[in-house]
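First the structure, in the form of structure tokens, and then the observations on it.
The values are calculated or read from the model by the stated rules, or taken from the named source; none is laboratory data. Source: prediction; values computed, not measured. Every residue, glycine as well, gets a Cβ built from its backbone with ideal geometry; the counts of neighbours run over all protein chains shown. These area figures cover heavy atoms from the full protein model, side chains too; ligands, DNA and RNA do not enter into them. Shrake-Rupley method; radii C 1.70, N 1.55, O 1.52, S 1.80 Å.
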Amino acid sequence: MNPFDSGTMVARYAAGRPYHHGRTVRRALGDRRYDRALDLACGTGLSTRALAERGTAVVGVDVVPAMVAWARRTTGLPYAVGSAEALPVADRSVDLVAVSSGVHWFAAGPVAAEAARVLRPGGALLLYEYAGAQ
């Protein structure tokens, strides 16, 4: 059993996460726009929300059903329960794959291969971590 897969743990997780994602995504992407994106290890949906605020059609993906349920309820955006190593989307179907503070949960090789599989030509992989207030 995943220790994050309970309403109590998800609420504690959500309460401890500051919303820096909008600012961070703006800094990382600048003026570049992406039509369709996946947000891997989306957790409670903070990074999914930041991408949607830019006008990107984004789907959050997380392996923890309780995280996905929280994100759906609090953001109203689309989410899927799934593994970053076996993404639940078609080949060449997205322009951006984003991961915020989730890289440490993945097997790097399989996730890189999956990102390459689902990204359209010219697509991008965005990895970013939270490092405290700056």
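The apolar share of the surface of the chain, taken as the fraction of accessible area on carbon and sulfur atoms (1.4 Å probe, ligands and nucleic acids excluded), comes to 56 percent. GNM remark for the chain: springs join alpha carbons under 10 Å apart, and the peak mean-square fluctuation among Gly82, Gly102, Gly122 falls on Gly122. Each Lys or Arg adds one and each Asp or Glu subtracts one; over the other residues with Cβ under 15 Å from the Cβ of Pro110, this totals -1.
Here the chain is treated with +1 on each Lys and Arg Cβ and -1 on each Asp and Glu Cβ, and its dipole about the Cα centre works out to around 420 debye.
Here region 1-67 is treated with +1 on each Lys and Arg Cβ and -1 on each Asp and Glu Cβ, and its dipole about the Cα centre works out to around 340 debye.
Going by a ≥ b ≥ c, the root eigenvalues of the Cα gyration tensor, does the chain fall in the rounded group (a/c under 1.5), the prolate group (a/b larger than b/c) or the oblate group? Oblate, because a/c is 1.5 or more while a/b does not exceed b/c.
Shown are Glu114, Glu129, Glu85, whose ranking by accessible area with a 1.4 Å probe and every protein chain present, most to least, is Glu129, Glu85, Glu114. Against the criterion of solvent-accessible heavy-atom surface with a 1.4 angstrom probe, Val89, Val97 sort, most first, into Val89, Val97.
Think of a 1.4 Å ball rolled over the protein heavy atoms: region 34-128 then has 43 Å² of accessible area per residue. Its Cα gyration tensor gives region 71-113 an equivalent ellipsoid. The semi-axes, each the square root of 5 times an eigenvalue, are 20, 14, 10 Å from largest down. Segment Ala57..Arg12, full-extension length gain: 13.4 nm, with 0.36 nm per residue of separation and the alpha-carbon distance subtracted.
Looking at region 5-103, the trypsin sites (Lys or Arg not before Pro) that sit in a DSSP loop and have at most 11 other Cβ atoms within 10 Å of their own Cβ are Arg32, Arg33.
So for Met1, Met67, what's the accessible-area order with a 1.4 Å probe, most first?
So, going from the largest accessible area down, we get Met1, Met67.
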